[in-house]
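First comes the structure, then the notes that go with it.
The values are calculated or read from the model by the stated rules, or taken from the named source; none is laboratory data. These numbers were taken from a predicted model, which means no experiment stands behind them. No Cβ is skipped: glycine too gets one built from the backbone with ideal geometry, and neighbour counts run over all protein chains shown.
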Amino acid sequence: MKKDLKLKGGMRIYLLWPMLMIPLLLCMNIVILLFDQRIGRIVFLFVVLYSLLALTAYFIAKPKLLGALVTYASNYGQVQRRLMKEMAVPYSVIDSEGHLLWMNDEFAEIAGFAKASRQSIFHIFESIKEDMLPKSEQDNTLHIRHNEKHYLVLFRYIFAADLDADTYWSYEDTDSDQKHRNSLLTMYLYDETEIVTLKKDLSDQKLIIGLLYIDNYEEALESIDEVRRSLLSALVERKINKNMQSIDAIIKKLEKDKYICIFQNRYLPQLCETRFPILDEVRGVNIGNELPVTISIGLSVDAENFNKGYKQARTAIDLALGRGGDQVVLKEHENTSYFGGKSVSVEKNTRVKARVKAHALRELLETKDDIIVMGHAIGDVDSFGAAIGIYRIAKTLNKKAHIVINEVTTSLRPMVNRFLNNADYEDDLFINSAEAKAMANANTLIVMVDVNRPNYTECPELLDVSDSIVILDHHRQTGETPDNAVLSYVEPYASSSCEMVAEILQYISEGLRLRQAEADAMYAGIVMDTNNFLNKTGVRTFEAAAYLRRSGADVTRIRKMFRTELLEYMAKASAVSSTDIYLDNYAFAVLDDTGVESPTVLCAQVANELLNITEIKASFVFTEYNDKIYISARSIDELNVQVVMEKIGGGGHMSVAGAQLTDCSLREAIEKVKGVLNTMKKEGA
């Protein structure tokens, strides 16, 4: 049985208002009677008459008014339901499990059927997953694609307490799960296809600024007959112009080997997917030239204006050249992407750059009172030899210099011992990180050797103390470099940092003379990094070695210092015997550090040994040391191991690279490297 309809609130007061006037009129009548009874009796008759009329009107009008209200409410509900049904915005009601309970016509048209049903929205819209439904009272939005259109989806909770006006309990006192069980979800769909299309068009039409440099223009021309040089230059320029025309680019030659280009952003995904085929096309130009022509490209993506875009492109091209050339570097705000880098860096015959850097270094040293030299953490012979070379330069200029060494490895100890307790050298020649931080100030010159990444140095905190930092390194640059470097000399084609410092020594001062121990240390650094002059060895490498030999370096003495203990030799043999071959061409080995003092050094030696195996393109040796996983990667010329190591946070150069992983097990590190190799193989890289 239906409940009797009752008027409540303002409507009831409105109807009872004539009745509420009766007590007021009676009070007025009493006052009048006190002054004049005859007039009071007359007024009383009118009050009684008014009361009868008011009561009669109330009881007669009430049913009619209720009927009118019911009719209005019914018509209003029908209009409201029709408005919701025909509303232009797609709208539906679903339960907490995603089942459709009701939907309007627009939603039904998108969903593909006319009537509401218990179908799940997860079946209708495959891009919506159960975990995307809101878990709290706040609205939740997401973007989906359905039937070639893009929609903004808005989910909003309707709780049971909001649906029942007579409900006296508050759902705020219940737990979240109970609230969601007593609730429904409304789902709105807003068509944003046009907005998405306009955004894509706007993004596609953005202009990308690029700088294209020919890495070895002069060297390539010199390697061919003079009569064919103009033909080679024309063929290279034709390849560049043809490739740029295919992406509707504007390209302008700035110099004989430098170009600037501008093209639309719509072509960038295609270029990235094909890994910039212009690199291979230009490299493939051969009309008898001994050296292949390579190019480097720096691209600025999504810059705020053309001025910033050009500066960003300059930074990108400098980074590409610093990494050895033959590659493309994309700079997008703080993100940097690399493509290419397959070729071995070409050694420059001229030493002009070395002489310029030597003079700049001398000027810096002369303006500073204290010099602190440091290499990478767990230093090797190359970083130590280069640091000794910088020390000799400082002493020649009558400057105080210190070398930061926190840990002396077994391979380094014979070298270090020659400088300890030696009357020719100060007692504080070698200092640790704590001592370096205590003596460093804003006027101290910090020289980084054999490393260009701040986090890989012996004491990264020093770089925040000093305003003057010098970088001398032969590893390829990454996006992570010190912000306050006043002099950077990074040459990936160099065999070692000792080779670079040996060249600088010859231009610093005519009175500079290396001592025997110093020449031995630098010569040993070249021997170690070139694997006895087998890797990355050029004419300038032998010239630097000859200079050190003339300065007193002794090959026999150095060879004796390189000898290893029996336990270390057995550890290397065990690692080699446990080698696993992956993808037919990649050697993976694990070095057990049990009882070994310097496993990272042995790790690199094992990686070099594995390259002597037939059909091996690259070797990766892993060892666990000081709660880190150290990886040594080596190759000859068929794989750029620097690219592999960069993808897991490491670096190096084409044939020698490494990485340090934290919060990672040996098995996980091996799987990471294998995953990178699989990805690069699929991408053809």
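General remarks:
- Leu321 meets each of the listed conditions (1) at pLDDT 85 or above; (2) in a helix (DSSP H, G or I) apart from (1).
- Hey, Gly538 more than 16 Å from Leu412 (Cα to Cα) and modelled with pLDDT of 90 or more or not: no
- Filtering the range 662-685 to residues that are of a type in the set (D, E, K, R), farther than 19 Å from Asp627 by Cβ and in contact (Cβ under 8 Å) with a residue 24 or more places away in the chain leaves Lys674, Lys681, Glu683.
- Of all residues in the range 389-418, those being part of a loop (DSSP other than H, G, I, E, B) and of a type in the set (Val, Ile, Thr) number 4.
- Restricting attention to the range 406-430, the residues that are of a type in the set (Ser, Thr, Tyr) and under 16 Å from Ile390 (Cβ atoms) add up to 1.
- Among residues of the range 559-578, those that are surrounded by 14 or more Cβ atoms within 10 Å (Cβ to Cβ) and either touching a residue at least 40 places away in the same chain (Cβ under 8 Å) or assigned by TED's automatic domain parsing to the domain that holds Leu505 (or both), counted: 5
- Where Val527 falls short, out of the listed (1) modelled with pLDDT under 90; (2) under 41 Å from the mean Cα position of the chain (by Cα); (3) closer than 23 Å to Val596 by Cβ: (1)
- Number of positions in the range 586-600 that are without any contact (Cβ under 8 Å) to a residue 40 or more places away in the chain and assigned to a loop (DSSP other than H, G, I, E, B): 6
- Meets criteria (modelled with pLDDT of 90 or more, buried (at least 21 other Cβ atoms within 10 Å of the Cβ) and on the phi < 0 side of the Ramachandran plot) for Ser632: yes
- Looking across the range 289-308 at every residue that is at pLDDT 90 or above and of a type in the set (S, T, N, Q), the one that is nearest to the chain's Cα centre (by Cα) is identified as Ser300.
Residue-wise test of (1) buried (at least 18 other Cβ atoms within 10 Å of the Cβ); (2) among the charged types (D, E, K, R); (3) at pLDDT 90 or above.
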{"site": "Tyr157", "(1), (2), (3)": "yes, no, no"}
{"site": "Thr167", "(1), (2), (3)": "no, no, no"}
{"site": "Ser176", "(1), (2), (3)": "no, no, no"}
{"site": "Val196", "(1), (2), (3)": "no, no, yes"}
{"site": "Lys206", "(1), (2), (3)": "no, yes, yes"}
{"site": "Ile209", "(1), (2), (3)": "yes, no, yes"}
{"site": "Ser223", "(1), (2), (3)": "no, no, no"}
{"site": "Ala234", "(1), (2), (3)": "no, no, yes"}
{"site": "Lys239", "(1), (2), (3)": "yes, yes, yes"}
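- Residues that are modelled with pLDDT of 80 or more and surrounded by fewer than 17 Cβ atoms within 10 Å (Cβ to Cβ) occur at least once in the range 343-356.
- When the helices (runs of 4 or more DSSP H) confined to the range 182-288 are screened for residues that are among the basic types (Lys, Arg), those reaching at least 1 such residues are found at 193-204, 229-245, 278-283.
- Asn421 vs. criteria in the same structural domain as His359 (by TED's automatic domain parsing), in contact with a strand residue (DSSP E or B) (Cβ under 6 Å, 6 or more places away or on another chain) and free of Cβ contacts under 8 Å to residues at least 24 places away in the same chain: no
- Total residues in the range 499-556 satisfying the condition of being among the small types (Gly, Ala, Ser) and surrounded by fewer than 15 Cβ atoms within 10 Å (Cβ to Cβ): the figure is 3.
The rows are residues; the columns are (1) assigned to a loop (DSSP other than H, G, I, E, B); (2) outside the structural domain of Glu194 (by TED's automatic domain parsing); (3) at pLDDT below 85; (4) crowded, with 16+ Cβ neighbours inside 10 Å.
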| site | (1), (2), (3), (4) |
| --- | --- |
| Thr56 | no, yes, yes, no |
| Thr71 | no, yes, yes, no |
| Leu101 | no, no, yes, no |
| Leu154 | no, no, no, yes |
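- Taking the numbered list (1) touching a strand residue (DSSP E or B) at 6+ places or on another chain (Cβ under 6 Å); (2) modelled with pLDDT under 80; (3) not hydroxyl-bearing (Ser, Thr, Tyr) in turn, Asn140 passes all entries but (2).
- In the condition set (1) farther than 17 Å from Ser496 by Cβ; (2) under 34 Å from the mean Cα position of the chain (by Cα); (3) of a type in the set (A, V, I, L, M, F, W, C); (4) at pLDDT 90 or above, Ala377 is compliant with all but (4).
- Residue ID - farthest from the chain's Cα centre (by Cα), chosen from residues in the range 604-653 that are in a loop (DSSP other than H, G, I, E, B) and within 24 Å of Ser665 (Cα to Cα): Asn626
- Yes/no for Lys311 being farther than 21 Å from Lys239 by Cα and either under 31 Å from the mean Cα position of the chain (by Cα) or buried (at least 17 other Cβ atoms within 10 Å of the Cβ) (or both): yes
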